[in-house]
Amino acid sequence: MAPVRAFVALGGNVGDTAARFDAACAALAAASDVELLRRSSNVVTAPVGGPPGQRDYLNAVVELETTLAARALLELLQEVERANGRERTLEERWGPRTLDLDLLLHGAARVTEPGLTVPHPRLEERSFVLAPLAELAPELVLAGCGRSVAERLTELESSEARAR
């Protein structure tokens, strides 16, 4: 497989999330068939959905180049999550977590399989993902809305401000 550019969101709000991000990035950089190109700044955001009373989340995005297929990359991401204390079967949906790695984009691929949808199905609705993604690829056009990451982020931030 020819190398593709992939983007992965990092999130978490349990324990030392910044240290887990560092460990996750080191694991991804060490993986065969993966090159970590860039990492966004960490962004602190309020929890969206899930149980009340959660701590704020730390979020970031990494840009990778990989020859792994989308499913193989997802499996690697889940392995890294487990190595960092994540137990998906014990979690509440959108609840607290040690580390969440979401495959946002895998080249131009559009994948809909059990347990894997690429582009990520809620990518264009989440400013907490779009903000760090915009730091790395503001010009990247999102397939669902046909706008760049920067344009979509501006729209979301405007609507969120009006809702307050």
*Which condition breaks for residue 55 when tested against (1) surrounded by fewer than 18 Cβ atoms within 10 Å (Cβ to Cβ); (2) free of Cβ contacts under 8 Å to residues at least 24 places away in the same chain?*
(2)
*List the number of the failed condition for residue 86; all other conditions in (1) within 14 Å of residue 100 (Cα to Cα); (2) touching a residue at least 24 places away in the same chain (Cβ under 8 Å) hold.*
(2)
*If residue 2 satisfies every condition in (1) over 23 Å from residue 128 (Cα atoms); (2) part of a loop (DSSP other than H, G, I, E, B); (3) modelled with pLDDT of 95 or more but one, which is the exception?*
(3)
*Mind checking which residues of segment 126-164 are outside any helix (DSSP H, G or I), of a type in the set (A, V, I, L, M) and at pLDDT below 90?*
143
*Please find, within segment 75-125, the residue that is modelled with the lowest pLDDT out of those that are surrounded by fewer than 21 Cβ atoms within 10 Å (Cβ to Cβ) and basic (Lys, Arg).*
93
*Which ones in segment 58-74 are buried (at least 22 other Cβ atoms within 10 Å of the Cβ) and of a type outside the set (A, V, I, L, M)?*
59, 66
_For the structure I just gave you, tell me whether residue 63 is of a type in the set (D, E, K, R) and part of a strand (DSSP E or B)._
yes
_Tell me yes or no: at least one residue of segment 90-112 is in contact (Cβ under 8 Å) with a residue 24 or more places away in the chain, under 24 Å from residue 12 (Cβ atoms), assigned to a helix (DSSP H, G or I) and touching a Leu at 6+ places or on another chain (Cβ under 9 Å)._
no
*From 157, 124, 113, 151, grab the single residue that is farther than 22 Å from residue 28 by Cα, charged (D, E, K, R) and touching a Gly at 6+ places or on another chain (Cβ under 7 Å).*
124
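The values are calculated or read from the model by the stated rules, or taken from the named source; none is laboratory data. The model shown is predicted, which means the values in this text are computed figures rather than measured ones. Heads up, the Cβs are rebuilt from the backbone with ideal geometry, glycines too, and the neighbour counts pull from every protein chain shown.
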